[in-house]
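The values are calculated or read from the model by the stated rules, or taken from the named source; none is laboratory data. Source: prediction; values computed, not measured. Here the Cβ is made from the backbone with ideal geometry for all residues, glycine too, and neighbour counts use every protein chain on show. In case anyone asks, the SASA skips ligands and DNA or RNA and just uses the protein heavy atoms, side chains included. Shrake-Rupley method; radii C 1.70, N 1.55, O 1.52, S 1.80 Å.
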Amino acid sequence: MFRWGVLSTAKIGREHLLPAMVEAENGVLSAIASRDLSKARALADRFGAPHAFGSYDELLASRDVDGVYIPLPTAQHVEWTAKAIEAGKHVLVEKPLALDARDIPPLIKLRDAKNVLVCEAFMVVYHPQWIKVRELIASGAIGRLRHVQGAFSYYNVDPKNMRNQLDLGGGALPDIGVYPTVSTRFSTGKEPLRVQATIERDKTFGTDIYSSIRADFGEFELSFYLSTQMAARQVMVFHGEKGFIEVLSPFNAGIYDHHRIELHNENHSEAQVFRFPGMQQYRLEVEAFARAAQGGTDRVFTLEESVLNQKVIDAIFRAGEKEGWETV
């Protein structure tokens, strides 16, 4: 059994990853660390973890931990990923891994030197609905892909929330802009060549709160908008010459909508619905990671892929400061 350690008691861990680790068939939750030992102990007791630590360094030194999950504030991801690698631990780090693509290659070098597995936690690539989208596009089910359209938004103006704190890596693009880009890249196997963007920032927080983005993939175009101060919505549509695929709850399947995708034909007279009841993408993610860390052949989201996705986000930020296209 793969023994997990978790750095911090963050909400995403409490609500999604820790339950997934407990339910996983090939892993156990071994330890939780927090700068407040009482918080670590309380969460460890809640999820049945035998070990609790009052510092992250103590957990990284533990022989009872094979790999760690890092859901710290974004601005701390690179630092603690490096420390975990140095300690010889496998690492699953919450997205975005970095705020600049140039910060990732040193982690790749360190990963290779220590011979550990390091992955950015894009749970969507493990969900069968996205694997199905990729298969449908590759099989020609919608003919030539011409346009991808997406949206991801929620409303959050809490000044204490890290998503609204610029120094912690907050903002819409780092938090949710990564999803339309990674899901399009995953589904098509293509990379964008250039981007255009309009970006609006909160006058108080300084974080980006709204973006409208256009990305040129050469063979097709991706357009999407995102916001941290709009009514909650998420959708992705892949539109081809002979049909289109609509992903109803692309990033939080089971919350925004059911686990399903719809394949529509050319004249919109027929639709096939693919359902994936009971799928838990976070559990699929931690199980695949654990198998890969132990020498399995599961496909995981590599750091090399993280570099490519972060380059797109970096280019979008640059594009928001200028008119016209920005090269990725």
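Using a 1.4 Å probe on the protein chains only, how many percent of the accessible area of the chain belongs to carbon and sulfur?
48 percent
Determine the order of His16, His258 by accessible area, beginning with the largest, at a probe radius of 1.4 Å.
His258, His16
What Kirkwood hydrodynamic radius do you get for the range 258-328 when you take the inverse of the mean 1/r over all pairs of distinct Cα atoms, in Å?
Kirkwood hydrodynamic radius for the range 258-328: 16.3 Å.
Calculate I(q)/I(0) for the range 66-107 by the Debye formula, one identical point scatterer on each C-alpha and no solvent, and give its log10 at q = 0.15, 0.33 Å⁻¹ to two decimals.
The computed values of log10 I(q)/I(0) come out as -0.30, -1.26.
Per residue and in Å³, how big is the convex hull formed by the alpha-carbon atoms of the range 42-86?
Given the Cα convex hull of the range 42-86, per-residue volume reads 87 Å³.
Looking at the chain, send over the antiparallel percent of its DSSP beta bridges, to the nearest 5.
60 percent
Is the range 196-245 rounded, prolate or oblate when judged by the Cα gyration tensor, a ≥ b ≥ c being the square roots of its eigenvalues, rounded requiring a/c under 1.5 and prolate requiring a/b larger than b/c?
Here the range 196-245 falls in the oblate category.
Measure of size requested: the Rg and Dmax of the chain, with Cα atoms as the atom set and Å as the unit; please supply both.
19.8, 61
Let's see if you can work this out: charge +1 on each Lys and Arg Cβ, -1 on each Asp and Glu Cβ, no other charges. What is the dipole magnitude of the range 104-183 about its Cα centre, in debye to the nearest 20?
Charge dipole, the range 104-183, about its Cα centre: 260 debye, nearest 20.
Quick one: plug the Kirkwood hydrodynamic radius of the range 170-290 (C-alpha pairs) into Stokes-Einstein at 4 °C, 1.567 mPa s, and report D in µm²/s.
The diffusion coefficient I find is 80 µm²/s.
Taking amide hydrogens as modeled 1.01 Å from N in the peptide plane, which residues meet the under 5 Å criterion relative to Gly254, leaving out close sequence neighbours?
Residues meeting the criterion, in which the H sits 1.01 Å from N, are His259.
Of Lys160/Lys322; Lys39/Lys83; Lys39/Lys160; Lys109/Lys160; Lys95/Lys311, which pairs sit farther than 24 Å apart, going by alpha carbon to alpha carbon?
The answer is Lys160/Lys322; Lys109/Lys160.
Along the principal axes of its C-alpha atoms, what lengths does the range 57-138 span, in descending order and rounded to whole Å?
Between the extreme Cα coordinates on each principal axis of the range 57-138 lie 46, 30, 25 Å.
Helix-only estimate, please: 222 nm mean residue ellipticity of the chain, summing -39500 (n - 2.57) across DSSP H runs of length 4 or more and dividing by its residues, to the nearest 500.
-8500 deg cm²/dmol
Show log10 I(q)/I(0) for the range 27-185 at q = 0.09, 0.10 Å⁻¹, two decimals, from a solvent-free Debye sum over equal Cα scatterers.
-0.39, -0.48
Using the Cα centre as the reference, give the magnitude of the dipole from point charges on the C-beta atoms of the chain (Lys, Arg: +1; Asp, Glu: -1; all else neutral), rounded to the nearest 20 debye.
So the dipole magnitude of the chain works out to roughly 280 debye.
In nm, what is the difference between 0.36 nm times the number of residues separating Glu200 and His258 and their Cα-Cα distance?
My answer for the length gained is 17.8 nm.
Please state, rounded to one decimal and in Å, the Kirkwood hydrodynamic radius that the range 5-106 gives when every pair of distinct Cα atoms enters the mean of 1/r.
Kirkwood hydrodynamic radius for the range 5-106: 13.5 Å.
Work out how much length Asp167 to Ser269 would gain on full extension: take 0.36 nm times their residue separation and subtract the Cα-Cα distance, in nm to one decimal.
The Asp167-Ser269 span can extend by a further 31.7 nm.
Quick one, can you get me the convex hull of the C-alpha atoms of the range 98-151 expressed as volume per residue in Å³?
Enclosed volume per residue, from the Cα hull, is 157 Å³.
When only C-alpha pairs under 8 Å and at least 6 residues apart count, what is the relative contact order of the chain, in percent?
So the answer I get is 18 percent.
Where does helix 77-86 land angle-wise versus the long Cα axis of the chain, in degrees 0 to 90, nearest 10?
Tilt of helix 77-86: around 50 degrees.
Compute the acute angle (0 to 90°) between the alpha-carbon long axis of helix 105-114 and the principal axis of greatest extent of the alpha-carbon atoms of the chain; round to the nearest 10°.
50 degrees
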